[in-house]
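*Asks:* This is the structure, below, for whatever I ask next.
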Amino acid sequence: MEKPIPKRRLGRTGVEVSILGLGGEGVLRTVGREQEADTLINTAIDLGINYMESARAYAGSEAYYGLALRERRPQVFLASKSHARDKKGALAHLEETLSNMKTDYLDLWMIHDVRTEDDIKQIFGPNGALEAFVEARAKGKVKYIGVTGHHDPVIVRKCLEAFDFDTVLVPVNPAESFYKCFLDEVVPIASKKDTAIMGMKVYMRGQLQAPKRLLLSYALTQPISVAVVGCDNIEQMNENAEAASNFQPMRFKEIQRFGQMIEPYARQLMYYKP
């Protein structure tokens, strides 16, 4: 790789993160593949990727990070997520996460996959998960607080309106813009609050036969800090890193043309199960 992977400011945190992040999917969302995971994580660091994330719901992913990072923990902006909706459950998740990842703190802890109005009521209500996140931050167990969602952009926007989150993780790809567009809902309020927008579902789980380089360029041309991508193997990692290091913003006409090609299939491409 000739050029280093560029970095961008992660919103109000002020932290500089690589524009390509390592997600907790792919080989990391497995069990019993410690050697492959170790190699993948350490290769990612060697390539200049410093944003890495997992989730309590992702099989052995957190434990893989704990085994792989060892003395390299300070080199990484480490994130995980909790899908608990109540305070007690979220705090229990955090203790499991910290133990699995063999760390005293998370750089970022995210409320995972907020989908419905009922989720919002539970999370933001008395003894809701948000209380755990605020408490954990006050105790130094997490530095920053984020939220994620990939079902309803209006729900995600309401979360941002209800609390000053440091980050928001949403789908960013050319099909998504035609079907429940997250960026349309999220960008105005995230910009106002300096909440970092992070992109997921960048490759639409391989459902579209388009060059990954093009899909990554599309995502990184949007107002996001980092595109978070899972990898099945080292070859994918190297391919993604190469594309990120050579990233050039797409021109408006290129984005339009790409969108026109995808529009007839957009709803089908975005109809996936989590």
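*Asks:* Inside the range 101-122, can you point out the residues that are touching a Leu at 6+ places or on another chain (Cβ under 9 Å) and either over 15 Å from Asp152 (Cβ atoms) or modelled with pLDDT under 95 (or both)?
*Replies:* If the condition is that a residue be touching a Leu at 6+ places or on another chain (Cβ under 9 Å) and either over 15 Å from Asp152 (Cβ atoms) or modelled with pLDDT under 95 (or both), then Met101, Lys102, Thr103, Asp104, Tyr105, Leu106, Asp107, Leu108, Trp109, Met110 are the ones that fit.
*Asks:* Another one. Filter the range 31-63 down to residues that are among the aliphatic types (A, V, I, L, M) and touching a His at 6+ places or on another chain (Cβ under 7 Å) and give me whichever is surrounded by the fewest Cβ atoms within 10 Å (Cβ to Cβ).
*Replies:* The selected residue is Ala57.
*Asks:* Return the total of residues in the range 64-84 being surrounded by fewer than 20 Cβ atoms within 10 Å (Cβ to Cβ), of a type in the set (Lys, Arg) and either under 22 Å from Gly149 (Cβ atoms) or within 21 Å of the chain's Cα centre (by Cα) (or both).
*Replies:* Matching residues across the range 64-84 total 2.
*Asks:* Surrounded by fewer than 15 Cβ atoms within 10 Å (Cβ to Cβ) and not in a strand (DSSP E or B): which single residue out of Gln260, Gln236 fits that description? Working first, answer last.
*Replies:* Details: Gln236 fails: surrounded by fewer than 15 Cβ atoms within 10 Å (Cβ to Cβ).
Result: Gln260 is the single residue among Gln260, Gln236 that is surrounded by fewer than 15 Cβ atoms within 10 Å (Cβ to Cβ) and not in a strand (DSSP E or B).
*Asks:* Another one. Just to verify a result, which residue in the range 176-192, among those that are touching an Asp or Glu at 6+ places or on another chain (Cβ under 9 Å) and under 21 Å from Ile19 (Cα atoms), is surrounded by the fewest Cβ atoms within 10 Å (Cβ to Cβ)?
*Replies:* The residue in question is Leu183.
*Asks:* If I filter the range 208-233 down to residues being closer than 17 Å to Asp38 by Cα and hydrophobic (A, V, I, L, M, F, W, C), which single residue comes out as surrounded by the most Cβ atoms within 10 Å (Cβ to Cβ)?
*Replies:* Out of the qualifying residues, it is Val229.
*Asks:* Got at least one residue in the range 32-42 being at pLDDT 95 or above, more than 18 Å from Lys212 (Cβ to Cβ) and among the aliphatic types (A, V, I, L, M)?
*Replies:* Checked the range 32-42: at least one residue is at pLDDT 95 or above, more than 18 Å from Lys212 (Cβ to Cβ) and among the aliphatic types (A, V, I, L, M).
*Asks:* Then there's this: Taking the range 185-203 only, how many residues are touching a Gly at 6+ places or on another chain (Cβ under 6 Å) and either over 23 Å from Ile255 (Cα atoms) or in a loop (DSSP other than H, G, I, E, B) (or both)?
*Replies:* Residues of the range 185-203 that are touching a Gly at 6+ places or on another chain (Cβ under 6 Å), as a first pass: 194-196.
Imposing the further condition that a residue be either over 23 Å from Ile255 (Cα atoms) or in a loop (DSSP other than H, G, I, E, B) (or both) reduces the set to 194-195.
The qualifying residues number 2.
*Asks:* Return the residues of the range 134-184 that are part of a loop (DSSP other than H, G, I, E, B), at pLDDT 95 or above and over 16 Å from the mean Cα position of the chain (by Cα); say none if nothing qualifies.
*Replies:* Lys139, Gly140, Lys141, Phe163, Asp164
The values are calculated or read from the model by the stated rules, or taken from the named source; none is laboratory data. Not measured: the values here are computed from a predicted model. Ideal geometry is used to build each Cβ from the backbone, glycine not excepted, and the neighbour counts take in all protein chains shown.
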